[in-house]
1. Taking only protein heavy atoms and a 1.4 Å probe, what accessible area per residue, in Å², does segment 10-59 have with all protein chains in place?
2. With a point put 7 Å past each Cα toward its Cβ, work out how far Tyr40 is from Ala17 in nm, to one decimal.
3. Work out from phi, with θ = phi - 60° and the Karplus expression 6.51 cos²θ - 1.76 cosθ + 1.60, the ³J(HN,Hα) of each residue of segment 5-11, listed in order in whole Hz, and give x for Gly and Pro.
Amino acid sequence: MDKGKPITGAARETLAAQLKSDYEGGESIRSLAASTGRSYGFVHRILSETGVTLRGRGGATRTPNDQQSPGPR
């Protein structure tokens, strides 16, 4: 797949189906972007077009109490 080259028609549908399958199988958008040579935004847009429910970012999150605590002194 040529980086930056528009993907249309059957090739786009095939790629969209593969990305959807891989994402639903646990792959991240970033890893899918890297493996296909496409941008994060492109992969995100394709997944949204296919109706995939996107996962949250994960990792540590802040709560209102964490933001107000002064931390160690």
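The values are calculated or read from the model by the stated rules, or taken from the named source; none is laboratory data. What you are looking at is a predicted structure, and each value in this text was computed from that prediction instead of being measured. Cβ: placed from backbone, ideal geometry, glycine included. Neighbour counts: every protein chain shown. Keep in mind that these areas ignore ligands, DNA and RNA; they rest on the heavy atoms of the full protein, side chains included. Shrake-Rupley method; radii C 1.70, N 1.55, O 1.52, S 1.80 Å.
1. Numbers: 3130 Å² over 50 residues.
Accessible area per residue: 63 Å².
2. Those two pseudo-labels are separated by 2.9 nm.
3. Karplus-based 3J(HN,Hα) across segment 5-11 equals 6, x, 10, 9, x, 5, 5 Hz.
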